[in-house]
Amino acid sequence: MARPGRLGIGIIGAGKVGAVLGAALRGAEHAVVGVSAVSENSRERAETLLPGVPVLEIQDIVERSELVLLAVPDDVLGGLVEGLAKLGAWQPGQLVAHTSGRFGVGILQPIRAAGAIPLALHPAMTFTGMSLDLTRLQDCTFGVTADAAMLPIGQALVMEMGAEPVVIAEADRTIYHAALAHSSNHMATLVAQGSQLLREIGVEQPENMLGPLLRATLENALASGESALTGPVARGDAGTVAGHVEALREHDAGGSGDILSAYLAMARATALRAAKRGLLSGRQFSGIEAALDSEDTDARNADGPDTPGTTLEGN
């Protein structure tokens, strides 16, 4: 016999997220009644992760579903919800959940007039769109936003997928998503930049050099926070930092300059946070600041009069 409370679920968007979450919910014995898939890649993904599930038009999916999972890009979500509302597609008592990190349930306001129930369920992980993501969900958290009475439904769905629900207030969704994007997306950029530099000096497999270092750094940072800070900025080694700036300036000359600008921005942020927490003395902070400002000084000497430098109090 089927477990109680099983739902007929429709997946709108067979991207990397939608197909995986659909498979996870199917694994919890919910019935996936239909999936929308436009591109060849999404059709192949649906066939692999949701075998036997029919590929349907969006309106047909909404009509057949007790829970509609909207796994579409942020910029598409609002227009899709509103368009279906104008067509009278939403149904009383129907659950409608989106997977956007940026939005809470406010963007689902058009479904309320029809008596449908909005949920925001955002998985805080990156997806490959392959079956290995189902295992990774076991270590994943979801940012859950819903009306107070409906929170248990959202939390239960997340737990059935094997993940941990964390309640995020509606007003906090954007800063929540910014925190995740800043941590994850920018880390990928930093890794790519580091790999590029190593590859350009002849290191054939930079991932072998960076992998152990970055994994240890991440584990230490998650376990110990900023007390795990190490390296020349945290030590107040201004000479080394100045050397880095000079080398990166020469490297980026005539190019995009993205590596130097990223180094300067992150080194300044690191120094500021270290100083505020007493990890750097005022003198050490000033030395690091001067080393980082050497790039700005060169630019000001070329372009015009000096402007005031950064101060600890001003940041």
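At-a-glance table
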| item | result |
| --- | --- |
| Residue-wise HN-Hα coupling along segment 184-196, computed from phi with Karplus coefficients 6.51, -1.76, 1.60 (Hz; x: Gly, Pro) | 7, 5, 6, 5, 4, 5, 4, 5, 4, 5, x, 5, 4 |
| Listed residues Q196, A265, G243: farthest to the positive end of the dipole of segment 176-303 (Cβ charges) | A265 |
| A228 versus E204: modelled label distance in nm, points set 7 Å from Cα along the beta carbon direction | 3.2 nm |
| Rounded tilt (10° steps) of 206-224 against the dominant C-alpha axis of the chain | 80 degrees |
| Sites L87 and E164, calculated FRET efficiency, Cβ-Cβ separation with R0 35 Å, nearest 0.05 | 0.45 |
| Value at 222 nm in deg cm²/dmol, rounded to 500, when DSSP H runs of n ≥ 4 in the chain each add -39,500 (n - 2.57) | -17000 deg cm²/dmol |
| In degrees, nearest ten, helix 238-252 long axis to first principal axis of the chain (Cα) | 70 degrees |
| Within segment 248-281: backbone nitrogen closer than 13 Å to the Q196 label point (7 Å, Cα to C-beta) | 248-249, 251-263 |
| Positive-end residue of A148, I175, N208, charge dipole of segment 118-213 with Cβ unit charges | N208 |
| Extension gain (nm, one decimal) between M150 and K276, 0.36 nm per residue minus Cα-Cα | 41.2 nm |
| In degrees, nearest ten, helix 16-27 long axis to first principal axis of the chain (Cα) | 50 degrees |
| DSSP beta bridge pairing in segment 59-208, given as percent antiparallel to the nearest 5 | 30 percent |
| Taking E200, E289, E66 and counting other C-beta atoms within 10 Å, the order from fewest to most | E200, E66, E289 |
| Overall form of segment 176-303 per C-alpha gyration tensor (a/c, 1.5; a/b vs b/c) | oblate |
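Throughout, read-outs are computed from the coordinates displayed, never taken from laboratory work. The structure displayed is predicted, hence computed values, not measured ones. Neighbour counts are summed over all protein chains in view; Cβ atoms, including those assigned to glycine, are modelled from backbone coordinates with ideal geometry.
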